[in-house]
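Worksheet: the structure to be examined is printed underneath.
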């Protein structure tokens, strides 16, 4: 299914629908990758996902810290982990994040 957003309100509706369709496995994480040019809306979409999951903290791009972790309450997930791999050269560098 293809979604097109013309506003942050549209993006929030898309994020809500996206989150409602995510599932977890008992022994692992659900990993979602977003890719696109700078300014494509990856962080805007992540902010909307965070809001849908009940995150009340201000969500910003982790470009300089690479990773931000948000604890979730009463959700099917325990954490939202937002990683910006823009500055990483190799996927193996993600292993250092644990």
Inset, instruction - Could you run through the range 20-47 and say how many residues are part of a helix (DSSP H, G or I) and within 10 Å of the chain's Cα centre (by Cα)? - result: 6
Inset, instruction - Might you check whether a residue that is touching a strand residue (DSSP E or B) at 6+ places or on another chain (Cβ under 9 Å), at positive phi and either free of Cβ contacts under 8 Å to residues at least 40 places away in the same chain or not in a helix (DSSP H, G or I) (or both) occurs anywhere in the range 48-59? - result: no
Legend entry - Residue pairs meeting the criteria (Cβ under 8 Å; at least 6 apart or on separate chains; first without any contact (Cβ under 8 Å) to a residue 24 or more places away in the chain, in the range 1-22; second surrounded by 15 or more Cβ atoms within 10 Å (Cβ to Cβ) and not in a loop (DSSP other than H, G, I, E, B)): 3/14
Inset, instruction - Restricting attention to the range 2-19, report how many residues are touching a helix residue (DSSP H, G or I) at 6+ places or on another chain (Cβ under 9 Å) and assigned to a loop (DSSP other than H, G, I, E, B). - result: 3
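Since every read-out is calculated from the coordinates, none of them should be taken as a lab result. Only a predicted model underlies this, so the values are computations on that prediction, with no experimental measurement involved. When we count neighbours, we look across all protein chains shown, and the Cβ atoms used for this are built from the backbone with ideal geometry, even at glycine.
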